[in-house]
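Enquirer: Pasting in a structure now, in structure tokens, and then I'll have a few things to ask.
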């Protein structure tokens with residue numbers, strides 16, 4: 001194992017743990033994208049550039065957009081529910 | 001179940017799990033040890049018989065071309081499912097969309113630098129995607145990766161806070177057509193194999209000389225078909241998700 005491969009593995013361990021430990025979904029999404037970049041680096045140094053490309057575009061662009069849109073909708077719905085539950089003034 | 005019972009359960013199951021894990025890890029082959037006879041076979045036959053230099057693409061579009069057909073239709077079906085589900089949630093709302101003004105956009109607050117950035121990104125991403133799709137059989141890349149890169153180009157219009165401009169540039173009917181066209185093209189290329197070579201998805205084009213753009217038989221064609229389908233599929237999914245957001249803002253949902 002070269003130093004580069006060990007370093008990439010370490011970055012993946014750190015960022016992956018960070019994704020799991022964060023509690024705020026919004027932050028989690030952003031760190032997930034960083035985790036995706038770490039995985040891209042990992043695949044690249046382990047000589048799998050095809051997989052690295054897929055990982056880069058899916059985790060950097062594809063997934064965050066969908067999660068962010070879903071998070072926004074959840075936030076809007078819960079805001080509306082709170083408004084409805086408030087007594088009329 | 002109380003906390004103590006759960007801890008007790010962990011105390012029993014944990015060591016057992018650990019022991020199994022350690023035994024399993026001890027049996028792993030050494031780092032970099034390779035046992036795959038299949039990989040070696042692909043390494044030998046694809047460059048010499050098919051004139052492809054990127055073996056992952058060769059695997060996807062030649063040796064396992066039929067698997068790729070299945071994968072493509074998995075993507076197609078799931079995107080169709082997403083579209084069906086999310087459209088069921090919204091009413092006939094198209095009229096409203098048409099009457100939107102120029103300045104109305106969903107993700108307001110984009111700075112000028114962000115807009116310039118997105119303007120620069122669009123041609124870069126699309127040309128990178130086209131490069132990847134055309135060189136699928138030569139260098140790392142190929143239909144799927146290229147499709148997502150291509151789809152990310154129009155998406156950067158969203159970065160500029162102009163979601164509705166994105167909808168005008170890539171209306172849903174066009175995305176649906178692109179998605180279906182790509183899926184159909186792949187299946188039809190396979191049918192070409194049946195007609196001209198006697199076996200479904202069998203290569204019927206000349207292999208050309210290794211390393212040239214027009215080589216590796218029908219792999220470039222397959223790559224283009226998958227690229228078109230993935231572009232349509234991703235853009236359609238994003239559009240459907242972002243539409244939900246737009247509707248929620250208008251208080252429709």
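Enquirer: Among the listed residues A:60, A:16, identify the single one that is modelled with pLDDT under 85 and either in a helix (DSSP H, G or I) or touching a strand residue (DSSP E or B) at 6+ places or on another chain (Cβ under 8 Å) (or both).
Expert: Within the list A:60, A:16, the selection yields A:60.
Enquirer: Also, quick follow-up: Of these, A:19, A:58, A:74, which one is within 12 Å of chain B (Cβ to nearest Cβ), within 24 Å of residue B:245 (Cβ to Cβ) and within 11 Å of the chain's Cα centre (by Cα)? Walk me through it before giving the result.
Expert: Details: A:19 fails: within 12 Å of chain B (Cβ to nearest Cβ); A:74 fails: within 11 Å of the chain's Cα centre (by Cα).
Sole residue among the options that is within 12 Å of chain B (Cβ to nearest Cβ), within 24 Å of residue B:245 (Cβ to Cβ) and within 11 Å of the chain's Cα centre (by Cα): A:58.
Enquirer: On to the next question. Going through the range B:112-136 one residue at a time, which ones are within 30 Å of residue B:50 (Cβ to Cβ) and surrounded by fewer than 16 Cβ atoms within 10 Å (Cβ to Cβ)?
Expert: B:127, B:131
Enquirer: Can you confirm whether residue B:214 is assigned to a helix (DSSP H, G or I), without any contact (Cβ under 8 Å) to a residue 60 or more places away in the chain and more than 21 Å from residue A:67 (Cα to Cα)?
Expert: no
Enquirer: Can you name the residue in the range B:138-162 that is within 11 Å of chain A (Cβ to nearest Cβ) and under 16 Å from residue A:69 (Cβ atoms) and is also surrounded by the most Cβ atoms within 10 Å (Cβ to Cβ) among such residues?
Expert: Per the stated criteria, the residue is B:151.
Enquirer: In the range B:191-204, is there at least one residue being under 25 Å from residue A:48 (Cα atoms), more than 15 Å from the chain's Cα centre (by Cα) and more than 14 Å from chain A (Cβ to nearest Cβ)?
Expert: no
Enquirer: Any idea which of B:246, B:175 is under 30 Å from residue B:111 (Cα atoms), surrounded by 16 or more Cβ atoms within 10 Å (Cβ to Cβ) and more than 14 Å from chain A (Cβ to nearest Cβ)?
Expert: Only one candidate passes the filter, namely B:175.
Enquirer: Can you go through A:24, A:50 and tell me which one is more than 18 Å from residue B:141 (Cα to Cα) and modelled with pLDDT of 85 or more?
Expert: Exactly one of A:24, A:50 is more than 18 Å from residue B:141 (Cα to Cα) and modelled with pLDDT of 85 or more, namely A:24.
Enquirer: Restricting to the range B:40-66, count the residues that are closer than 16 Å to residue B:222 by Cβ, more than 14 Å from every other protein chain (Cβ to nearest Cβ) and touching a residue at least 24 places away in the same chain (Cβ under 8 Å).
Expert: 5
Enquirer: Among the numbered criteria (1) more than 14 Å from chain A (Cβ to nearest Cβ); (2) at pLDDT 75 or above; (3) touching a helix residue (DSSP H, G or I) at 6+ places or on another chain (Cβ under 7 Å), which one does residue B:165 miss?
Expert: If we test residue B:165 against (1) more than 14 Å from chain A (Cβ to nearest Cβ); (2) at pLDDT 75 or above; (3) touching a helix residue (DSSP H, G or I) at 6+ places or on another chain (Cβ under 7 Å), just (2) comes out false.
Enquirer: Of the residues that make up the range A:22-38, is at least one in a helix (DSSP H, G or I), farther than 30 Å from residue B:246 by Cβ, more than 14 Å from chain B (Cβ to nearest Cβ) and in contact with a helix residue (DSSP H, G or I) (Cβ under 7 Å, 6 or more places away or on another chain)?
Expert: Taking the range A:22-38 first, the residues in a helix (DSSP H, G or I) are A:25-38.
Subsequent filtering for residues that are farther than 30 Å from residue B:246 by Cβ retains A:38.
Now restrict to residues that are more than 14 Å from chain B (Cβ to nearest Cβ): A:38.
From what's left, in contact with a helix residue (DSSP H, G or I) (Cβ under 7 Å, 6 or more places away or on another chain): A:38.
Yes, because at least one residue in the range A:22-38 is in a helix (DSSP H, G or I), farther than 30 Å from residue B:246 by Cβ, more than 14 Å from chain B (Cβ to nearest Cβ) and in contact with a helix residue (DSSP H, G or I) (Cβ under 7 Å, 6 or more places away or on another chain).
The values are calculated or read from the model by the stated rules, or taken from the named source; none is laboratory data. Owing to the predicted nature of the structure, the values given are computational and were not obtained by experimental measurement. Please note: Cβ atoms are built from the backbone with ideal geometry, for glycine as well, and neighbour counts cover all protein chains shown.
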